[in-house]
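One structure is given here, and the rest of the page talks about it.
The values are calculated or read from the model by the stated rules, or taken from the named source; none is laboratory data. Given the structure is predicted, the values throughout are model-derived calculations rather than measurements. Note that each Cβ is placed from the backbone with ideal geometry, even for glycine, and that neighbours are counted across all protein chains shown.
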Ligand code: GAF
């Protein structure tokens, strides 16, 4: 029986956080840590899902993943089942499947393990049902995965992670404009510039699917700010609209979103000019905005960012949703160890758990292999 293996990466967001669901700009890149799904079509309606990376495999029938049955599934299986559900909704001929999932992405680290899981499943499924796998199709698959996450799992996320997992390219960032969901590959010649990105996982897990959590609350605040201005999404506001927001909190959230999209544009300009010091300064300004106006940081993330910059990083910021997870620092290859050691010492002095560090460069998006 035909089997396929799909590998989908996690991501680092270089800049542009909490802009996707607000209709703004972001510039993430895929990283060389992946989730792998080995998939085989069955001749019946049984689903067998298992993993060494996740607890509690699950076996059932296609009927058991119906929308109103989803609460009975183990947490991580909902991300897999959500993709199968969304594919069925889109008219894909989904049959019974055997799925084996593995992953080297840490969960809760803000590196998009959920999107990598969804994207590995959707790519494997697409191959099994003979869908084309070109970039345009992949963009549609990202939308399908986002619906799985927002509607089936109930995590009110915005779509950046799925797009970059499916469309990322080595040595490129993916500029995404969520005003119209258009994408453009942006060369990021970090290697040639002798630079690399240090990911500092603070170990403080974040949970985007929590309906009462910070991420969901910020999304509501942004929606309320947009509604006050009569806009569909706050990322579509002009800077001079912000003074019309009477609510201080809404004005601060909106100021972050609008200024963050400008910072993405400024980073694109600085990258094109090869001005990496300027890129670093903009990353640090992004963190200040995420910490202050958006209140999405934590003491651990702030310490990682401040220490990295003091120790010679060109710039640093939290990456992804915040409220825990990881920060990134733009560092010279030969200065990375100094930055890492400084962050470790600062965490030890503060009594925080030691962060996990990784050096990453923009890597390939999801790939597919036919046969086991
Ligand atoms: C998380 C979400 F999944 C993304 O959609 C995005 O909103 C990000 O947080 C913040 O930029 O990764």
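Of the residues 337, 329, 316, which single one is assigned to a helix (DSSP H, G or I) and not assigned by TED's automatic domain parsing to the domain that holds residue 14?
Selected residue: 337, the only one of 337, 329, 316 that is assigned to a helix (DSSP H, G or I) and not assigned by TED's automatic domain parsing to the domain that holds residue 14.
Just to check your reading of the model, which residue among 82, 108, 24, 16 is crowded, with 24+ Cβ neighbours inside 10 Å, under 21 Å from residue 209 (Cβ atoms) and within 16 Å of the ligand (Cβ to nearest atom)?
82
Suppose we keep only residues that are away from the ligand (no atom under 12 Å from the Cβ) and more than 15 Å from residue 366 (Cα to Cα) within segment 1-13. Which one would you say is farthest from the chain's Cα centre (by Cα)?
1
For residue 68, which of the numbered conditions (1) assigned to a helix (DSSP H, G or I); (2) more than 16 Å from the ligand (Cβ to nearest atom); (3) in contact (Cβ under 8 Å) with a residue 12 or more places away in the chain fails to hold?
Looking at each condition in turn, residue 68 falls short on (3).
Might you let me know whether segment 121-138 holds any residue that is modelled with pLDDT under 95 and either surrounded by fewer than 15 Cβ atoms within 10 Å (Cβ to Cβ) or touching a helix residue (DSSP H, G or I) at 6+ places or on another chain (Cβ under 7 Å) (or both)?
No: zero hits.
Being in a loop (DSSP other than H, G, I, E, B) and more than 14 Å from the ligand (Cβ to nearest atom) is the filter; apply it to segment 135-187 and report the residue that is nearest to residue 262 (Cα to Cα).
179
Name the single residue, out of those in segment 191-202 being out of contact with any helix residue (DSSP H, G or I) (no Cβ under 8 Å at 6 or more places or on another chain) and part of a loop (DSSP other than H, G, I, E, B), that is farthest from residue 315 (Cα to Cα).
This residue is 192.
Residue 214 is checked against (1) touching a helix residue (DSSP H, G or I) at 6+ places or on another chain (Cβ under 9 Å); (2) buried (at least 17 other Cβ atoms within 10 Å of the Cβ) and fails just one. What number does that condition carry?
Answer for residue 214: the failing condition is (1).
Any residue in segment 329-346 that is touching a strand residue (DSSP E or B) at 6+ places or on another chain (Cβ under 6 Å), without any contact (Cβ under 8 Å) to a residue 40 or more places away in the chain and closer than 24 Å to residue 10 by Cα?
No - not one qualifying residue is present in segment 329-346.
Within segment 49-68, which residues are within 23 Å of residue 154 (Cα to Cα), surrounded by fewer than 24 Cβ atoms within 10 Å (Cβ to Cβ) and touching a strand residue (DSSP E or B) at 6+ places or on another chain (Cβ under 8 Å)?
Answer for segment 49-68, where residues must be within 23 Å of residue 154 (Cα to Cα), surrounded by fewer than 24 Cβ atoms within 10 Å (Cβ to Cβ) and touching a strand residue (DSSP E or B) at 6+ places or on another chain (Cβ under 8 Å): 50, 51, 53, 54, 57, 58, 59, 60, 61, 62, 64.
Are any residues in segment 122-134 farther than 15 Å from residue 85 by Cα and assigned to a helix (DSSP H, G or I), and if so, which ones?
127, 128
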